[in-house]
Amino acid sequence: MPETIATALLSALKARGADRLFGIPGDFVLPFFRVIEESAILPWHTLSHEPGVGYAADAQGRFNCRLGVAVVTYGAGALNMVNAVAQAYAEKSPLVVISGAPGRDEGKLGLGLHHQVKTLGSQMEIYRELTCAQGVLDDPDTAPAEIARVLDAARRMSRPVYLEIPRDMVNTPCEPAPPHDPGLPDREAARACAAEILTRLRAAERPAILVGVEARRYDLEDRIAHLCQKLAIPVATSFMGRGLLAGRDLPLVGTYLGSAGDERPARTIEGADCLLMLGVILSDTNFGVSGRNIDMQKTIRALDRSVTFAHHRYDGIPLYPLVEALEELAQPIGNATPDFRPQYRFGLPEGDMALEPSHVAVALNDLFAEHGPMPVASDVGDCLFTGMEIMDTEFVAPGYYASMGMGVPAGIAIAATGRRPVVLVGDGAFQMTGWELGNCRRYGLAPIVILFNNRSWEMLRAFQPGPSYHDLDDWNYAAIAPHLGGRGLRVHTTGELKQALAAAHADDSRFHLIEAILPRGETSQTLARFANAVRKMSALRNE
């Protein structure tokens, strides 16, 4: 069968590692959806609202170290997904946005087309700000090269890209897209840079390593773990990199969260006289509560295809050839051992003790200790900070851009890969995208969802106590779960939570929604420390 623009795009996605699509049909993208179904090149999952599509596709890319793909219609579809794409850009996720579009000649009618904003090109201009590469597949002669250029940019830069297909061009014959060209990195430059890094680490009295999101984005966790084993110096993950290196035999001290987190990773990272940051985004959530405690002049920062020292910089060095060179040249520097590990709480109190947010972490630690770790998808809010108290496991969350609504769609994306996840979500975020759980029955997915119901946007209250506009009503989410195809339980005590988790783990025939009823004003220990640290930093800035 000869290639068309649509099949060339789908085949190029599959060749570059994409293994499924998330989307919502709409009139301008219906011809492409027909090809998706009839060609069966990639499996597809339709959700209910475009933000959920964007979050799910984003999480798919993050979790599997591959391209995530979102397919939507023009205007009302693609513009409804803007916030999810913005988050993927900020947090360096290789999300491919495919939008249907009006036919090439439809704009010549002299009429405004439905879903059009200002001009037919307005959507492209908006997405130009949110993506690292863009293309319109309106010419069969140039479409193959455009497909390759844009998709390769997503893999190379680990950021979102945008492709637009006019609906009358979907079935136009064209040549296959060229194969992926990863480019040839300057390995001599990478080796020289690695040698300088190792020289500085050897000269330090207290060297340490901080690992961030690019380790997962470029599928480098195993190599970085081996490097850390060879160097034998303490290593921590950034707040955004929570869950990296989980289960590996390393001198891993935990997740660094400054004065808001555990003391040992803070002491290790802030006390380092040479700190190697591998793929760590310089953001307020990673460093905002501790920026004054880390001397950036004593750091080496490898991020965004460059390596920055105190007074000079190597450009054009992606993380993977740098880590490769470091692995090759590394010799033991320290004597840290795998016993150098974070401490997590186990042993959920029995009986009728009223629930607190941190009890959820203890309950999951007990469950994972008995049955093995499960991947965790978390929304933003106190559920995310509670996640910092869970034993090391694979973890997906919007730790920097911090948009509400990612948790449930991310859990659906993980479940679609065949893994069973735990989803942590607050009642505020659940009101936005929690209803996507209604799609689980159709696809045979069974995530375990723990909903933190404190009838408020509690994280906001932690930063600004008092006002009633933080309050939410009680919607009794557990009672709605059966109508969506799952099972729902409300739990008020530690004993009820333990029983509900055990029952959910034992039943993988449907999703389980465990609604944890929490008092307003009660937060996890980690959020309490984080909010206190932010207030102290604000006070210092205002002095």
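Please compute the net charge surrounding Ala402, taking Lys and Arg as +1 and Asp and Glu as -1 over other residues with Cβ under 12 Å from its Cβ.
-3
Please report Rg (one decimal) and Dmax (integer) in Å for the Cα set of the chain.
Cα radius of gyration and Dmax of the chain are 23.8, 73 Å respectively.
So, with +1 on the Cβ of K and R and -1 on the Cβ of D and E, and no other charges, what is the size of the charge dipole of the chain about its Cα centre, to the nearest 20 debye?
Approximately 680 debye in magnitude.
State the three equivalent ellipsoid semi-axes of region 84-206, derived from the C-alpha gyration tensor as the square roots of 5 times its eigenvalues, in descending order and whole Å.
Values: eigenvalues 326, 70, 16 Å².
Taking √(5λ) for each Cα gyration eigenvalue gives 40, 19, 9 Å.
Quick one: which residues, 5+ away or cross-chain, put their amide H under 5 Å from the amide H of Glu3? H built at 1.01 Å from N.
It is Cys174, by chain and number.
What whole number of Å gives the distance from the Cα centroid of region 77-147 to the Cα centroid of region 220-253?
That distance is 38 Å.
As an exercise, take the mean of 1/r over every pair of distinct alpha carbons in region 5-166, invert it, and state the Kirkwood radius in angstroms.
15.3
Within 10 Å of each residue's Cβ, count the other Cβ atoms and sort Leu364, Leu513, Leu201 from fewest upward.
Leu201, Leu364, Leu513
Pop the C-beta distance of Phe309 and Lys230 into the FRET formula with R0 = 25 Å and round what comes out to the nearest 0.05.
Approximately 0.70, to the nearest 0.05.
Pull out the extension gain between Val117 and Thr46, defined as 0.36 nm times the separation in residues minus the alpha carbon to alpha carbon distance; nm, one decimal.
On the way: separation 71, 0.36 × 71 = 25.56 nm, distance 2.53 nm.
Answer, rounded to one decimal: 23.0 nm.
Rank these for me by crowding, Leu527, Leu9, going from fewest to most other beta carbons within 10 Å. Before the final figure, lay out the partial values.
Details: Leu527 23, Leu9 29.
Fewest-to-most ranking of Leu527, Leu9: Leu527, Leu9.
Please work out the C-alpha center-to-center distance from region 153-174 to region 305-373 and express it in whole Å.
A separation of 36 Å, based on Cα centres.
Taking N as the number of residues in region 19-89, what is its Cα Rg relative to 2.2 N^0.38 Å?
Scaled against compact globular proteins, the figure is 1.04.
For Glu188 and Asp219, what does the FRET efficiency come to when R0 = 25 Å and r is the distance between their Cβ atoms, rounded to the nearest 0.05? If you can, show how the numbers build up before the last one.
Values: r = 24 Å, r/R0 = 0.94.
After rounding to 0.05, the efficiency reads 0.60.
Pulled fully out, how much extra length does the chain show between Thr199 and Glu37, if you take 0.36 nm times their separation in residues and subtract their Cα-Cα distance?
Between Thr199 and Glu37, full extension yields 52.8 nm more.
Taking 0.36 nm per residue of separation and subtracting the Cα-Cα distance, what length does fully extending Cys65 through Ala354 add?
Between Cys65 and Ala354, full extension yields 100.1 nm more.
How would Asp222, Asp379 line up from fewest to most surrounding beta-carbon atoms within 10 angstrom?
Placing the least packed residue first, the sequence is Asp222, Asp379.
Please report, in Å, the Rg and the Dmax of region 357-529, where both are computed over Cα atoms only.
14.6, 43
Taking 37 °C and 0.692 mPa s as the conditions, I'd like the Stokes-Einstein D for region 187-329 in µm²/s, using the Kirkwood hydrodynamic radius from alpha carbon pairs.
Once the numbers are plugged in, D ends up at 223 µm²/s.
Bear in mind these aren't lab numbers, they're just calculated from the coordinates by the rules spelled out. These numbers were taken from a predicted model, which means no experiment stands behind them. Note: ideal-geometry Cβ built from the backbone for every residue, glycine included; neighbour counts use all protein chains shown.
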